[in-house]
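Here the structure comes first, spelled out in C-alpha cells, and everything after it is commentary.
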Amino acid sequence: SLSQGDHVVCIRKPYSWANTLFNVFLTRFGIETTMIDGRDPANFRKAMRKNTQLFYLESPNTFTFELQDLAAVSAIARQHGITTIIDNSYNTPLHQHPVDFGIDIVVHTATKYLSGHSDVVAGVICGQEEMIRKIFSTELMTLGGVISPHDAWLMIRGLRTLPIRLKQSSESAEEIISFLESHPKVEKILWPFHSSFEQAELAKRQMKGCSGLFSVLLKAQSPGNIERFCDSLVRFLLAVSWGGYESLVFPALTFNGIAEEKSEEIPGNLVRFYIGLEDPGGLIEDIERAMKQL
C-alpha cells in the first residue's frame, strides 16, 4: 500500500481514471507519480527514486496500444523491491498471463470482456494470497466496491462464454482491419498484431491473441469530417467502454474533450473501434458507407 511520501512510476496514456487517481487524487496525500514512455524498460530505471514503491503498467494501453516488456520491467522492480501492477483488461486472462512474466498484481475491468454483456460494472484483482489478503483486510473493506450477488452471478454467466466471445470479436476485428488497411482514407492502423505495428514482435511474444479493440488514423480534411464519419455509422454505437456484444466507435476528439489534460500523444485524427459479435460483413459495409464523409 502507498503512503505519504511514496513515489509511483506509471506508463503514459493509461486508462483515464487511473490517470486521475495518480495525478489528481494521490497528489493530495503526498504521493508523487512520474509518467514515462513504457516501451523502453530503461525508462523505468531512469524514473526510479529511493522512495519508489510501485510500477503501474497497462500493456497494451487502449488508444495507441503501447506495450511494455513485462519480463524486463518486472526484473527491474524485483531487483529494487518495487511492486508491479498491470491492467490486463485488453487481453483478458485468455490472451496474456502477466504473472508468468513476474508481475505481482493483475487487475481487470470486468465490466468489459469478462462480463461481456454491457450490464455489469465490476473489477477484479489477482495476485499472491499474501498480497490479496493484505489488500482485503485494509483499504478494500473501507474504500473498495463490493458488487451485489446478482451482479456476481451475471459475471459468472459472462465467464462461461468468454472464450467463444473473445474468439469471435478478435477474428471479426482482423477481417475488418484487412479491409481498412487498403482503404485510401486510412493513414495508419494501430493494433498490436498488425504487421506495421512497431511492437508487433513483443506483442506476439507476450500475448496469445489480440482483442477486438483497435484504432485507425484517418485522412480527414478537418475534425468536422471525422465527426460526420462517426455520426454516419449506423451499426456502431458511440461509446467509450468496450468488451460487450455490441460494436463501438470512439473518436479521440471526444476523449480529448473530456480528459483531465489535453494530450498531443493521442492524435486528433485517431478513431478507436471495438468489434463486437455482429456479422463483420455488415460492419464493413457500414464503415465503407461512412467513409464517404471524409
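The values are calculated or read from the model by the stated rules, or taken from the named source; none is laboratory data. Here the structure is a predicted model, which means the values were calculated and not measured. So basically every Cβ, Gly included, is an ideal-geometry build from the backbone, and we count neighbours across all protein chains shown. In case anyone asks, the SASA skips ligands and DNA or RNA and just uses the protein heavy atoms, side chains included. Shrake-Rupley method; radii C 1.70, N 1.55, O 1.52, S 1.80 Å.
If I compute solvent accessible area with a 1.4 Å probe over the protein chains, what percent of it on the chain is carbon and sulfur?
54 percent
Looking at the square roots a ≥ b ≥ c of the eigenvalues of the Cα gyration tensor of the range 192-294, which shape do they give, rounded for a/c under 1.5, prolate if a/b is larger than b/c, or oblate?
oblate
Based on DSSP, what percent of beta bridges with both residues in the range 1-140 are antiparallel, to the nearest 5?
Looking only at bridges with both residues in the range 1-140, the antiparallel portion is about 25 percent.
How big is the range 73-122 on each of its three principal axes, counting only the C-alpha atoms and giving the largest first in Å?
42, 18, 10
Roughly speaking, what is the centre-to-centre gap between the range 47-83 and the range 209-233 when only Cα atoms are used, to the nearest Å?
31 Å
Do you know the relative contact order of the chain, to the nearest whole percent, from alpha carbon pairs under 8 angstrom that are 6+ apart? Can you show the working numbers first?
On the way: 517 pairs, mean separation 44.9, N = 294.
Answer for the chain is 15 percent.
Before anything else, pin down the relative contact order of the range 153-294: Cα pairs under 8 Å, at least 6 apart, normalised by residue count, whole percent.
Rounded, it is 29 percent for the range 153-294.
Please report, to one decimal in angstroms, the Kirkwood hydrodynamic radius of the range 140-215 built from all distinct Cα-Cα pairs.
15.2 Å
If only Cα atoms are counted, what is the Rg of the range 124-252, and what is its Dmax, in Å?
19.2, 56
Can you tell me the length gained on complete extension of the stretch LYS188 to CYS126, counting 0.36 nm per residue apart and subtracting the Cα distance?
18.8 nm
Given contacts defined as C-alpha pairs under 8 Å and at least six residues apart, what's the relative contact order of the range 112-230, whole-number percent? The partial results should precede the final answer.
Details: 83 pairs, mean separation 28.8, N = 119.
Rounded, it is 24 percent for the range 112-230.
What value does the range 1-105 have for Rg/Rh, both radii from Cα atoms and Rh as Kirkwood defines it?
Looking at the range 1-105, the ratio lands at 0.94.
Percent antiparallel among DSSP beta bridges with both residues in the chain, to the nearest 5? Before the final figure, lay out the partial values.
On the way: 18 of 37 bridges.
Antiparallel: roughly 50 percent of the beta bridges in the chain.
Between VAL234 and ARG160, how high is the FRET efficiency from 1/(1 + (r/R0)^6) when r is the Cβ-Cβ distance and R₀ = 41 Å? Nearest 0.05.
0.85
Can you tell me the length gained on complete extension of the stretch ARG78 to ALA152, counting 0.36 nm per residue apart and subtracting the Cα distance? Present the calculation step by step, with values, prior to reporting the outcome.
Working: separation 74, 0.36 × 74 = 26.64 nm, distance 3.42 nm.
Stretched out fully, the ARG78 to ALA152 stretch lengthens by 23.2 nm.
In terms of the ratio Rg/(2.2 N^0.38 Å) built on C-alpha atoms, what value belongs to the range 88-151?
That ratio works out to 1.20.
Enter the accessible area per residue of the chain (Å², integer; probe 1.4 Å; all protein chains in place).
Heavy-atom accessible area per residue stands at 49 Å².
For the residue pair LYS167 and GLU285, what label-to-label distance in nm results when each label sits 7 Å from Cα along the Cα-to-beta-carbon direction?
Label-label distance for LYS167 and GLU285, simple model: 2.6 nm.
At 1.4 Å probe size, put SER3, SER247 in order of accessible surface, largest to smallest.
SER3, SER247
Label-point separation (nm) for GLU181 and GLU227, each offset 7 Å from Cα along Cα-to-Cβ?
3.3 nm
Reported to two decimal places, what Rg/Rh ratio describes the range 49-171 when computed on Cα atoms with Rh from the Kirkwood expression?
0.99
For the chain, take every pair of Cα atoms, bin their distances at 5 Å starting from 0, and report each bin as a whole percent.
1, 5, 11, 16, 18, 17, 14, 10, 5, 3, 1, 0
Can you figure out the FRET efficiency of LYS292 with ALA200, using R₀ = 35 Å and their beta-carbon distance, to the nearest 0.05? Please report the intermediate quantities before stating the final value.
Working: r = 31 Å, r/R0 = 0.89.
Efficiency at R0 = 35 Å is approximately 0.65.
Which three lengths, in whole Å and largest first, does the range 188-248 cover when its Cα atoms are put on their principal axes?
Ordered largest first, the range 188-248 gives principal extents of 39, 30, 14 Å.
Using Cα positions and a limit of under 30 Å, work out the lysines in reach of LYS112, with same-chain residues fewer than 8 apart set aside.
Straight-distance partners of LYS112: LYS13, LYS134, LYS167, LYS185, LYS188, LYS204, LYS208, LYS219, LYS262.
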